[in-house]
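J.: Below: one structure in structure tokens.
The numbers here are math on the coordinates, done by the rules we state, and not lab data. From a predicted model like this one, the values you see are computed outputs, not experimental measurements. Note: ideal-geometry Cβ built from the backbone for every residue, glycine included; neighbour counts use all protein chains shown.
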Amino acid sequence: MSDKIFSVAIDGPAGAGKSTIAKSLSKKLGVIYVDTGAMYRAMALYLLREGVDMEDAAAISAKCQDADITIRFVDGTQQVILNGENVSGLIRTEQVSNMASRSSVNPDVRKKLVELQHALAQKESLVMDGRDIGTVVLPDAQVKIYLTASSAVRAKRRYEELIAKGEQADLAQIEADIIERDHRDMTREISPLKQAEDAVLVDTSDMTIEEVEAKLCSIVNEKVG
């Protein structure tokens, strides 16, 4: 793989397998997988430590500016670093989840985290997935991939996941929910889901995970060398 610093941005609708593929691709490439959700949780932990009320949007906007959050990989394990401290083991509590749910919708929190993600991409090669990574978060990424699959295939994958966990599931309802979420994500006012003009479209409907991995590795090698 190239010695140059490079970024791989993977976007796509819910249930397309973005996170699964992004994590495995980062391992194959030997680069960082940026867990954006973990970064939002670290921000929530910081706000809790600062005594910020989750209902106080103005206080959240002000306090979030002082948080420095990044991701490191040490011995193959992700570490979430908040102001120099490894907080990986502290961000999965119910209290943090509740604060993250409230604070993540604050535009100033999002703006701050996008800045931190930009900064990380300047220093480290990485893979990041989401719904607006190639269009908003990392518009200069060397590799952009739009990963998708038909709503029927995505619904079937989700259905099989739930059944495997011993949960009840309604395939038709799952697909209806996916179609509704697609519409919501694509039509939202801030950072709607869309394929970047320079992104490579990969439809995984008829592909195995191994085939998707091989395809994405090929795309990265072609773009980065």
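J.: Once you put a point 7 Å from the Cα of residue 119 and another 7 Å from the Cα of residue 180, both along the Cβ direction, what distance in nm separates them?
T.: Simple spin-label model gives 4.0 nm for this pair.
J.: Compare 195, 78, 168 in a GNM of the chain, Cα atoms joined below 10 Å, and give the one with the largest fluctuation.
T.: 168
J.: Give the Rg (one decimal place) followed by the Dmax (whole number) of the chain, computed from C-alpha coordinates and expressed in Å.
T.: 18.0, 49
J.: Then there's this: Quick one: work out the % antiparallel among DSSP beta bridges in the chain, nearest 5.
T.: Among the beta bridges of the chain, antiparallel pairing accounts for roughly 35 percent.
J.: Under a 5 Å amide H to amide H cut-off, with H placed in plane at 1.01 Å, what residues pair with residue 142 once short-range neighbours are removed?
T.: 7
J.: Next question. Per-residue HN-Hα couplings for the range 144-151, Karplus 6.51 cos²θ - 1.76 cosθ + 1.60 at θ = phi - 60°, whole Hz, x for Gly and Pro?
T.: Along the range 144-151, the couplings run 10, 10, 10, 9, 9, 6, 5, 4 Hz.
J.: Quick check of the Kirkwood formula: for the range 116-225, what is the inverse mean of 1/r over all pairs of different Cα atoms, in Å?
T.: The answer is 15.9 Å.
J.: Then there is this: Could you give each residue of the range 89-105 its phi-based ³J(HN,Hα) in whole Hz, using Karplus coefficients 6.51, -1.76, 1.60 with θ = phi - 60°, and x for Gly or Pro?
T.: x, 10, 9, 10, 7, 5, 4, 5, 4, 5, 5, 4, 4, 7, 6, 5, 8
J.: Tabulate in residue order the Karplus-calculated ³J(HN,Hα) for the range 167-179, using 6.51 cos²θ - 1.76 cosθ + 1.60 with θ = phi - 60°, rounded to whole Hz; enter x for Gly and Pro.
T.: Taking θ as phi minus 60°, the curve returns 9, 7, 8, 10, 4, 4, 5, 4, 5, 4, 5, 5, 4 Hz for the range 167-179.
J.: While we're looking at this one, here's another question. Please report how far the C-alpha centroid of the range 181-197 lies from that of the range 1-35, rounded to the nearest whole angstrom.
T.: A separation of 20 Å, based on Cα centres.
J.: What lysines does residue 123 reach when the alpha-carbon gap must be under 24 Å and sequence neighbours fewer than 8 apart in one chain are set aside?
T.: Of all the lysines, those that pass the test against residue 123 - Cα under 24 Å, at least 8 places apart if same chain - are 4, 18, 23, 27, 28, 111, 112, 144, 223.
J.: Per-residue counts of other Cβ atoms within 10 Å, averaged by peptide: what ranking do you get for 52-64, 28-40, highest first?
T.: 28-40, 52-64
J.: Expressed as a rounded percentage, what relative contact order does the chain have, with Cα pairs under 8 Å and six or more residues apart?
T.: With pairs under 8 Å counted, the relative contact order is 33 percent.
J.: Still on this structure, please answer the following. Report the label-to-label distance for residue 62 and residue 165 in nanometres (one decimal), using points 7 Å from each Cα along the Cα→Cβ vector.
T.: The modelled label-to-label distance comes out at 3.9 nm.
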